[in-house]
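This is the structure I have questions about; it appears just below.
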Amino acid sequence: MLPPVIVNISRLHRETAAVVKQAERSDYPVFVTQHAYVAAVLLPRRLYDRLLRAAEKGAAEKGAAARGEAGAERGAADAEDSWTPAASPLEGPLAVFGPLPPRTKFLTKHGLAVDAQLAAFLMEEGEQVRPILKRRDEGDVEW
């Protein structure tokens, strides 16, 4: 997996056209940071469309399952190209860390602090993340 593209909000302001062009050429999100935290994510259109289709498919499946319709379950081949978040971001791929506080931030191997939903997405894509835990006497501590 390629390292994520990270730009701070000042660079985005100065070089908007270049950053957008970079996002268009890649098949990976561009993370926009403000005060060292992800403030926004710029998605290439292909990735946005893929995520939108996955969300729509997940909503349709959930509705069909709630109505008890046959065929509500999809095969592994259908789910291969889609990603839908777990009911709680601390479930799913992040469950490997055990119980964590609700607003736990995570650190990527590239030093980017992200929230639980983005961390779950990155783990699904093969990225390594670690929770950032706070101790009362030491402030932020990597785990």
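Please identify the pairs in which a residue from the range 109-124 that is more than 18 Å from Gln34 (Cα to Cα) and without any contact (Cβ under 8 Å) to a residue 60 or more places away in the chain has its Cβ atom under 7 Å from the Cβ atom of a residue that is in a helix (DSSP H, G or I) and among the small types (Gly, Ala, Ser), counting only partners at least 6 apart or on another chain.
Ala120/Gly92
Okay, residues lined up against (1) closer than 29 Å to Val5 by Cβ; (2) at pLDDT 75 or above; (3) in contact with a Phe, Trp or Tyr (Cβ under 6 Å, 6 or more places away or on another chain); (4) assigned to a loop (DSSP other than H, G, I, E, B):
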{"position": "Leu52", "(1), (2), (3), (4)": "yes, yes, no, no"}
{"position": "Ala65", "(1), (2), (3), (4)": "no, no, no, no"}
{"position": "Pro85", "(1), (2), (3), (4)": "yes, no, no, yes"}
{"position": "Leu107", "(1), (2), (3), (4)": "yes, yes, no, no"}
{"position": "Gln117", "(1), (2), (3), (4)": "yes, yes, no, no"}
{"position": "Leu122", "(1), (2), (3), (4)": "yes, yes, no, no"}
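Next up: Take the range 90-105 and flag every residue that is among the charged types (D, E, K, R) and either surrounded by fewer than 14 Cβ atoms within 10 Å (Cβ to Cβ) or assigned to a loop (DSSP other than H, G, I, E, B) (or both).
Of everything in the range 90-105, those that are among the charged types (D, E, K, R) and either surrounded by fewer than 14 Cβ atoms within 10 Å (Cβ to Cβ) or assigned to a loop (DSSP other than H, G, I, E, B) (or both) turn out to be Glu91, Arg103.
For Leu47, indicate whether it is part of a helix (DSSP H, G or I) and either among the hydroxyl-bearing types (Ser, Thr, Tyr) or modelled with pLDDT of 75 or more (or both).
The answer is yes for Leu47.
When you look at Asp27, is it outside any strand (DSSP E or B), under 21 Å from the mean Cα position of the chain (by Cα) and modelled with pLDDT under 70, yes or no?
In short, no.
Here is a list of conditions, (1) under 19 Å from Leu118 (Cβ atoms); (2) among the hydroxyl-bearing types (Ser, Thr, Tyr); (3) exposed (fewer than 15 other Cβ atoms within 10 Å of the Cβ), and Thr33 meets all of them except one; can you say which number that is?
(3)
The values are calculated or read from the model by the stated rules, or taken from the named source; none is laboratory data. Computed from a predicted model, the values in this text were never measured in an experiment. For neighbour counting, all protein chains shown are included, and Cβ atoms are generated from backbone atoms with ideal geometry for every residue, glycine included.
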